[in-house]
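All remarks here apply to the structure that follows.
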Amino acid sequence: MTYQAHFELIRVKTGNTPDDFRALAAERGLTTFRDLKAWLKTEYDLGDGHANLIANHIVAADQPPLSTDEKVAARFSGTKAHWRGAYDTIIAEAGRFGADFKVMPTTTYISLVRGGKKFAIVDPATAGRLDVGLKLKGIEPAGRLTAAGKWNNMVTHRVRIGHPDEIDAELLGWLRQAYDAV
């Protein structure tokens, strides 16, 4: 689904366009991503994904647009820079799944998309951990494949990576399974 289609769903639900939300946020003095997201979820009952989308729209409105590479680089800056190689490995492997694979970074995580539909996310969560979220409906969590729970409702499972060596055949198999299921 395109961003415009999501914006239309939000408009139907709330009666507000992204620019309406921007004006309302300005009236309330809301400027940080975290505050905007909390406000959108509480005040308008938006889910995590739609709240992220609108909050990103508001925060990015006064900034020059960044390229995909610039957005990815920003996610892997500072204390998280050492995770870039692990991320590049994941992306190289996922790129072999098919020509319809695409990377779509946001300010909070990097979406892995097939034909416009998200099948996984990658998040350099902390300096000590990289999280990989997967959409694997109907698969029971087991071992290091845990339920995503409240971590991110855009996916069903999460794998916590503590060392780049943990990007192995098992993880890549789950990633392929998620890709094939979309």
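Hey, for a label at ARG34 modelled as a point 7 Å past Cα toward Cβ, could you say which residues of segment 119-134 have their backbone N under 15 Å away? It comes to 126, nothing else.
Entry note, the chain: relative contact order of 16 percent, from Cα contacts under 8 Å with a spacing of 6+ residues. Relative contact order of segment 51-111: 38 percent, from C-alpha pairs under 8 Å at least 6 residues apart in sequence. Potential lengthening of the chain between LYS71 and ALA125 amounts to 17.9 nm, from the contour at 0.36 nm per residue minus the alpha-carbon distance.
What is the Å³ per residue value for the convex hull set by the Cα atoms of segment 82-182?
94 Å³
Between THR2 and ARG160, the C-beta separation translates, for a Förster distance of 41 Å, into a calculated FRET efficiency of about 0.85. Among ARG28, ARG114, the order of accessible area from largest down is ARG28, ARG114, computed with a 1.4 Å probe on protein heavy atoms.
Per residue, the chain exposes 53 Å² of solvent-accessible protein surface, assessed with a 1.4 angstrom probe and all protein chains in place. Rg and Dmax of the chain, both derived from C-alpha coordinates alone, stand at 16.8, 50 Å.
Could you work out which residue, out of ILE121, ILE139, ILE110, moves most in a Gaussian network model of the chain, that is, has the largest mean-square fluctuation with Cα springs under 10 Å? The residue that fluctuates most here is ILE139.
Between TYR87, TYR109, TYR44, the Gaussian network model of the chain with springs among Cα atoms under 10 angstrom shows the greatest mean-square fluctuation at TYR44.
Note on the chain: GNM, Cα springs under 10 Å; of GLY15, GLY143, GLY98, the largest mean-square fluctuation is that of GLY143.
Helical content alone sets the calculated 222 nm signal of the chain at -13500 deg cm²/dmol, taking -39,500 (n - 2.57) per DSSP H segment of four or more residues and averaging over every residue. Using the Cβ-Cβ distance between THR42 and GLN63 with R0 set to 45 Å, the FRET efficiency from 1/(1 + (r/R0)^6) comes to roughly 0.95. Its relative contact order, with pairs defined as Cα atoms under 8 Å and 6+ residues apart, puts segment 132-182 at 40 percent. Sequentially through segment 7-23, phi angles give Karplus couplings (6.51, -1.76, 1.60; θ = phi - 60°) of 4, 5, 4, 5, 4, 5, 5, 10, x, 10, 8, x, 5, 4, 4, 4, 5 Hz, Gly and Pro residues having no value and appearing as x.
What does the charge count around GLY15 come to, taking other residues whose C-beta lies under 14 Å from its C-beta (Lys +1, Arg +1, Asp -1, Glu -1)? Result for the neighbourhood of GLY15: -3. Charge tally for THR2 (other residues, Cβ to Cβ under 13 Å; Lys, Arg +1; Asp, Glu -1): +2.
The values are calculated or read from the model by the stated rules, or taken from the named source; none is laboratory data. Predicted model, so just to flag it, every value in this text is computed and none were measured. When we count neighbours, we look across all protein chains shown, and the Cβ atoms used for this are built from the backbone with ideal geometry, even at glycine. Ligands, DNA and RNA are excluded from the accessible area calculation, which covers all protein heavy atoms including side chains. Shrake-Rupley method; radii C 1.70, N 1.55, O 1.52, S 1.80 Å.
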